[in-house]
Amino acid sequence: MFSGPVTAFVYGPLRVGLFGMRRDVSVLVVLVSPVLALGTASWVGSQVGYQTLTAWVRGTWYGTEPALVVFLGVAALLVLATASAAVNSGLVPTTLLVAGPVFGVGVARYGTTVTYEYGASVVSLPDAVAIAALFAVAFGTPIAVWGFVLGSALRRVTAVLADGAGPLSRVADS
């Protein structure tokens, strides 16, 4: 029951597509993700300030005052995702790698004062973590998916040009 083409697909291309070709590289990528999150949170908290970062993102999002640093940050995450996917494949490690810095930006919200219609309050750690997770999923995942697609295409083009590999399917052999 658990043999044949379905099992071969689950243990072959699906596993590689989700978790990468090499387990050691995938584990390394997953371990680097929290380091990037901590580094980003530290940088935002000590150098930039969460309020400044919020102003940059809002100005860029609405087009009222675009900030180059936001474009450079997204481009850096896209390059990171593309490199990860080109080297190892693995959508899950690539997504975690990109979501780490985005999560760090959201966690930097901790301890800041937020003004609501009913008054001001200080952001608690659970609130900061929840918002950071939401940011990581909402913004990190699409960037990671685009980087994964670009990295996979780059890996395939490189394989065809450098190694002379043929098409992925055996249709051409028929």
Within segment 83-112, residues being crowded, with 22+ Cβ neighbours inside 10 Å and of a type in the set (Val, Ile, Thr) number 6
Within segment 117-128, residues surrounded by fewer than 16 Cβ atoms within 10 Å (Cβ to Cβ) and under 23 Å from the mean Cα position of the chain (by Cα) come out as Leu125, Pro126, Asp127
The condition of being at negative phi and surrounded by 16 or more Cβ atoms within 10 Å (Cβ to Cβ) holds, among Val70, Val79, only for Val70
Within segment 28-53, the count of residues that are within 27 Å of Phe148 (Cα to Cα), among the β-branched types (Val, Ile, Thr) and surrounded by 13 or more Cβ atoms within 10 Å (Cβ to Cβ) comes to 5
- Can you spot a residue in segment 101-112 that is more than 26 Å from Leu28 (Cα to Cα), modelled with pLDDT of 85 or more and aliphatic (A, V, I, L, M)? no
(1) at pLDDT 85 or above; (2) under 24 Å from Ala133 (Cβ atoms) all hold for Leu18 apart from (1)
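The values are calculated or read from the model by the stated rules, or taken from the named source; none is laboratory data. For clarity, every value in this text was computed on a predicted model and none was experimentally measured. All Cβ positions, even for glycine, are placed from backbone atoms using ideal geometry, and neighbour counts span all protein chains on display.
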